[in-house]
Amino acid sequence: MTAPLFDGLQLPGPDDAANQRVVRVALPVPIDQLFDYRLASGPDAPKDVESGSRVRVPFAGQLLIGLVVPKDLMDTEQSTTPLLEVEAVIDEEPVVHDSMLRILAAAAKEIFAPIGLAVAHALPPGSSPRMARPYALTPRAARMLAHGSSASAALTTQATEILDRLRQKPMTLGALERATGDPRVARGLEHLVADGLVERRIEIRSAKARIPTDRIVRLGPEIDVEGTVKTLLARATKQAALLEKIAAAPDGLATRSLSQADANATALLRALAKRGLVVFTERPRLFATETFLDGGTEVSLTEDQEESLIPIRDAIKRQVAERFLLHGVTGSGKTEVYLRAIAQTLEIGRQALLLVPEITLTHQIVARVRARFGDEVAVLHSGLRPGERLAQWERLRSGQTAIAVGARSALFAPLDALGLIVIDEEHDGAYKNDEGFRYHARELAQRRAREAGCPLILGSATPSLETRYRADQGEIRRLSLPRRVGGRPLPAVEIVDLAKESAKNPRGRKLILSKPLRTAIRQALEQGGQTILFLNRRGFSTRIYCFQCGHAERCNDCDVALVFHASDFHLRCHYCDHVRAVPEVCNGCGDPETALLGVGTERLEEEVRSAFPGARTMRLDRDVASKRGHTESVLLALKNEEVDIVIGTQMVAKGHDFPGVQLVGVVAADIGLHLPDFRAAERTFQLLTQVAGRAGRADRPGRVVVQTYVPDHYALAPVESHDFESFYAEEIGHREALGYPPFASLMRTVIHAEDEQVAKAAAETIAIAARKAAGGEAPNGAMIEVLGPAPAPLAKLRGRFRFMLLAKGTDEALLRRVALAQLAASRLLPRPVQMALDACPVNML
């Protein structure tokens, strides 16, 4: 958790006065505490507010939206501070179930997160009314401007412009900065406030998220369509045709869709309405149905799938919180097992939750779920507009749909009759939230399953070492799908030694596509197959580097090289989004021969288009995926075989099933292998195995070409033979020898500040507190090892210097004592210093 100081702040506290109606509220603030407020009394006062309802309350000089929670949710110290009054009750009935509140409270306690930040995740972003504090003219300033007094003539140019803007309407600081183009407007506002010409107000604005609606046209009551067409519309043939179309849709048609299909539809509808033949209503807009994948009809199950489903179906029927690891090779039919399990869940009247790691994968899985179950599915992920997301959330809360599909945040879906949770690609690091409430979806899903009394399926071709080890220990039941559906073989894998290939390359020419990979691409094109080229790096080049002085263009605020993007011809930081023009000469020595080093997806695309000019080529990475609809267009082109070569990052590596893909080329398998992270080898093996699994998923045999400088590395060699067991045995041995998860728990603390020496001194203070708390042995003989502090692998980020501290051990109680000691010490740090504690770190950078 992040622990800022609130020195001298009088917080609302508990009060047991007999005549007061008190509610306990969780607020979205970085303080691990609940707050008591009193409800107003009198004839117009609100009735008792139920747990799970939202309220608006005063806090530290502002108004915040909080959730009323059960009074026993968390121990709260008693205080004699007079209670503040609830300013407004937003919900007449609860919008969050008590069970969800208790799950989040327990998770927050376990990972040392402020309870209010955790509970806030139960609501979709943008669904609560917003508080704004705009600047506005005081009555004195309004009179002065209205009468053109001499005082207004003495104002500075900046002050005059600010007052002219505020004369039109109250504006926030950000809005004023954008409107005036003046970054110093804050200073001018300070002077105007001091002079009594400007004041700050509190405004309650409507929620940012609004459920989108469609205007629906239906046939009017008691209309004889056939008779009307023959008589009243006998000479209005277009109106007659539209009326018949509307009559054929008992649920009505969206006027928006009709207008898109026919430019004259609006005028025709107006004419039909004038005749009293149609009526209009509003309804929530349905989420667009993806159409790029099939899967509506049930397929025959393999013997492996049938055997796996037996215990899953039994757990669903018995409503027990059993955990399953569905360990199946790529293309073995794990998704079909999920769909059959969901069907079983719906049969007993319960709901299902299906999580995928990437937003891009929701398009595929939603299409398959909709094809099988119709419009029973709601989609939840951060790529939706706030209104779309709120609409899906409301469909689930109201019980209109029984299936929720989405990325990590879908775990908070309001499902009160949960009967099944599925986590696809459970090994993926995207399931870990690294900011604020630092939960892991896998662990939180386990809590939801236990609370709901339902099974949890963890599916993967390359399960995380922690999950597989738990299965080996009997904590999770392992189900195996060792063969591809239809007896299709796994793709043949060829590992290319780039060191040997580079030796054959003409001097000075950068090797991007080796001869074996070029040959394989050419053969796939000749045979009509598709190719995916995988490179886990965005941009045109990794960095700009000078061979004369060694200077590299780096971000001023982050300890990373800037990446060149050819699309806008700029250097960009992928952490803070700082943008800089490409220098014409070296900024270190002035030499004009500054070179582009490394290869990004844009540079790879350029190479492919040059080598294969006749091939239809597309790119899919986060830079282009940010354009709404681009991801769907690339995936649709792959499905319809309208593209020959797709270049992509991790977005193309996971879970996709495209029968036309014959070849997968891994351009630089070493990326990520040598990062200062104990999971680097595991991630590399998982990623390469996953991307290799995209090839040969139909009747045509697949092929994979992997380019690397370390062909004999234990994380790469097993990829050639698709040998998970060999890699697992090697890696689990390293983990045990070093005392890393799953053999011990690990806790990571990052201390950061704008001044390097201040950050370092603060880190030393935290380390002393940690070592003191870890001193000695636990009753079971266990010890906690405290490592550091040392500069974090990413030593500077967004202008702040970062130092890292690690604590690891097998005694959870002792480790918890160390965490609490660090948090207590952090409250005494200077205000500019911030500390973030992660109780279950996945990213070690």
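The values are calculated or read from the model by the stated rules, or taken from the named source; none is laboratory data. These figures come from a predicted structure and were not determined experimentally. Neighbour counts run over all protein chains shown; Cβ positions are idealised from the backbone, glycine included. Surface areas here come from the heavy atoms of the whole protein model, side chains and all, with no ligands, DNA or RNA. Shrake-Rupley method; radii C 1.70, N 1.55, O 1.52, S 1.80 Å.
The figures follow:
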| quantity | calculated |
| --- | --- |
| Rounded to the nearest 20 debye, dipole of the chain from Cβ charges on Lys, Arg, Asp, Glu | 1900 debye |
| Whole-percent carbon and sulfur share, accessible surface of region 608-755, 1.4 Å | 50 percent |
| Rg in Å to one decimal, and Dmax rounded to a whole Å, for region 792-845 via C-alpha atoms | 12.6, 36 |
| Solvent exposure of the chain as accessible area per residue, Å², 1.4 Å probe | 45 Å² |
| Per-bin percent of Cα-Cα distances, region 710-811 [5 Å] | 2, 12, 16, 14, 13, 13, 12, 10, 6, 2, 0 |
| Solvent-free Debye scattering, log10 I(q)/I(0), computed from the Cα coordinates of region 135-204 at q = 0.20 Å⁻¹ | -0.76 |
| Shape box of region 341-382 [Cα atoms, principal axes, largest first, Å] | 30, 17, 15 |
| Accessible area of region 301-364 belonging to carbon and sulfur atoms, whole % at 1.4 Å probe | 44 percent |
| Quarter of the Cα convex hull surface for region 387-492, i.e. its orientation-mean projected area (nm²) | 9.6 nm² |
| Global form of region 605-760, assessed from the alpha-carbon gyration tensor, a/c cut-off 1.5 | oblate |
| Shape category assigned to region 227-347 from the gyration tensor of Cα positions, a/c cut at 1.5 | prolate |
| Spacing of the two label points (7 Å from each Cα toward its C-beta) at Ser382 and Leu232, in nm | 5.3 nm |
| Reach of Lys238 by Cα under 25 Å, taken over lysines that are not fewer than 8 positions away in the same chain | Lys230, Lys274 |
| Note, ³J(HN,Hα) from phi for region 27-38, Karplus 6.51, -1.76, 1.60, rounded to Hz, x at Gly and Pro | 10, x, 10, x, 10, 7, 7, 9, 10, 9, 9, 9 |
| Contour excess over end-to-end distance, with Cα ends at Arg256 and Gln33 and 0.36 nm allotted per residue | 75.5 nm |
| 30 Å Cα-Cα threshold exceeded, pairs from Lys334/Lys639; Lys504/Lys796; Lys334/Lys500 | Lys504/Lys796; Lys334/Lys500 |
| Size of region 684-768 as Cα extents on the principal axes (Å, biggest first) | 62, 31, 25 |
| Three-way shape label, region 420-466, alpha-carbon gyration tensor, a/c 1.5 | oblate |
| Spin-label pair Arg21/Lys109, simplified geometry with 7 Å Cα→Cβ offset, distance in nm | 2.9 nm |
| Charge-dipole axis of the chain as Lys and Arg at +1 and Asp and Glu at -1 on Cβ define it, positive-most pick from Thr765, Leu820, Ala132 | Ala132 |
| Within region 787-806, backbone nitrogen closer than 19 Å to the virtual label 7 Å beyond the Cα of Leu738 toward Cβ | 787-795, 804-806 |
| Apportionment of accessible area to carbon and sulfur, region 26-165, percent (1.4 Å) | 50 percent |
| The chain, Cα convex hull volume normalised per residue, Å³ | 248 Å³ |
